[in-house]
Amino acid sequence: MTFLFEYGLFLAKAVTVVLSIGIIIILAVGASQKPKASAGEVELQDLSKKLKRNKQDFIEQTLDKKALKNYKKKQKKEQEDKLAAKAFVINFDGSSDANEVNNLREEITAVLQVADKDKDSVIVNINSGGGVVHGYGLGASQLKRLTSAKLPLTVCVDKIAASGGYMMACVANKIVAAPFSIIGSIGVIAQIPNFNKLLKKNDIDFEMITSGEFKRTLTIFGENTDKGRDKFQQEVESTHGLFKEFVQTHRQDIELEQVATGEYWFATEALKLGLVDELNTSDDYILSLLESHQIYTVKYTSKKSLPEKLGLGISKAVASATNSLWTKLQDAKW
C-alpha cells in the first residue's frame with residue numbers, strides 16, 4: 001500500500017509538470033499570434049418540433065393501434081397548417097458581473113430583425129440574483145429594446161429574479177414566476193474591506209494621490225474618513241433612488257415604499273404585492289403557447305480560438321485527473 005501511495009504521488013507530480021508545460025506552450029503560441037475578434041453565431045432551435053416529437057414518441061408507446069392511427073391523421077392535418085405566430089425563447093442565467101448581457105444583446109438583435117410585432121412574442125427566462133449596477137442596467141435596457149419595438153415581452157422566473165435580476169424582469173409586459181421563486185430585493189449594497197490598520201501594524205505605508213475632492217471616497221488600503229463615508233452613502237442612496245424610479249416606471253401599480261426596502265419575497269407573496277403577474281413555471285407557460293405559436297429558442301454562442309479551446313480542455317483534464325487520482329490515493333491509504 002505504501003508503494004502504491006508513493007507511486008501515485010510521483011505520478012501526480014509528473015502529470016502536473018507535463019500539463020503545466022503544455023499550458024505554457026499554448027499560452028506562448030496564443031500570445032505570439034495577432035488577436036482576432038472571436039465572432040459568434042445565433043442558433044435557432046425549433047422548440048415546437050422538439051416538444052411535439054417527444055409527445056408523439058410517448059403516445060406511440062401508450063396508445064392502441066386504432067387510437068394511434070386516428071392520432072396520426074390528426075397530426076398530419078396539423079402539420080399542413082403551419083402556425084403563423086412565433087414565440088422566441090431566450091434564456092438569461094446572470095452572474096454577478098452580468099457578463100451574460102453580451103450574449104443577450106446579440107440574441108435580442110437577431111429577434112428584432114425577424115419578429116413581427118403584430119403576431120409574434122418573446123419569452124425571456126431570467127435566473128439571477130443581481131450584481132453590478134451598470135451591467136444589469138444594460139441588461140434591462142436590452143430588454144427595453146423589445147418593448148420599445150412593440151413586441152410583447154414575458155419574463156419567466158423559475159428560481160430567482162432579485163436586485164438587478166428584478167430590474168431586468170420589471171421591464172416586461174408580464175412577469176410569470178414559479179410559486180417559490182425569489183423575487184424583489186429592490187435595494188443597493190456595497191461592501192469594501194479596509195486593511196489600513198493591518199498595514200500600520202506592520203509599518204507599511206500606503207500613498208494614494210487623487211485630483212478632485214471625491215475622486216475616491218472609500219479605499220481598501222488608505223485611511224477612510226467620515227466625509228468619504230458620507231459621500232459614499234449618498235452615492236448608494238442615489239443609485240437606490242434611480243432603481244426605485246425605474247421599477248415604478250414599469251410597475252406603476254405597486255406601493256413603491258413597501259417593496260423597495262431591499263427585502264425579497266417568494267412569488268406567492270410577491271403576487272399580492274404586485275411584483276409579478278402570474279404564478280406558473282416557464283415550462284407550463286411555454287406549453288400553453290404550443291397550439292397557437294411556433295416556438296423557437298434563441299441562443300448566441302461565441303466561437304473560441306484554438307488556444308482557448310486547448311486551454312479549457314487541459315483545465316478540465318487536470319481537474320478530472322486530480323479528482324480521480326485523489327480518490328484512488330485515499331482508497332489506497334485504507
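The values are calculated or read from the model by the stated rules, or taken from the named source; none is laboratory data. Keep in mind that what you see is a predicted model, and the values were worked out from it rather than measured. Note that we place each Cβ from the backbone using ideal geometry, even for glycine, and neighbour counts take in every protein chain shown.
A few notes on this one:
- The set of residues from the stretch 88-119 being of a type in the set (Ser, Thr, Tyr) and within 20 Å of Lys159 (Cβ to Cβ) comprises Ser95, Ser96.
- Of all residues in the stretch 144-169, those satisfying the criterion of being of a type in the set (Val, Ile, Thr) and part of a strand (DSSP E or B) are Thr154, Val155, Val157, Ile160.
- Residue within the stretch 89-108 that is closer than 20 Å to Tyr300 by Cα, of a type in the set (Val, Ile, Thr), without any contact (Cβ under 8 Å) to a residue 40 or more places away in the chain and in a helix (DSSP H, G or I) present: yes
- Hey, Lys227 without any contact (Cβ under 8 Å) to a residue 60 or more places away in the chain, of a type in the set (D, E, K, R) and more than 23 Å from Gly165 (Cα to Cα) or not: yes
- Among the residues listed as Asp277, Asp230, Asp284, the single one being loosely packed, with under 12 Cβ neighbours inside 10 Å and within 30 Å of Lys49 (Cβ to Cβ): Asp284
- Among (1) more than 30 Å from Leu83 (Cα to Cα); (2) within 22 Å of the chain's Cα centre (by Cα); (3) surrounded by 13 or more Cβ atoms within 10 Å (Cβ to Cβ), the one test that Ala190 misses: (3)
- Tally, over the stretch 140-161, of residues that are farther than 11 Å from Ile123 by Cα, β-branched (Val, Ile, Thr) and in contact with a Gly (Cβ under 9 Å, 6 or more places away or on another chain): 1
- Test: residue in the stretch 183-199 that is outside any loop (DSSP other than H, G, I, E, B), charged (D, E, K, R) and at pLDDT 95 or above: no
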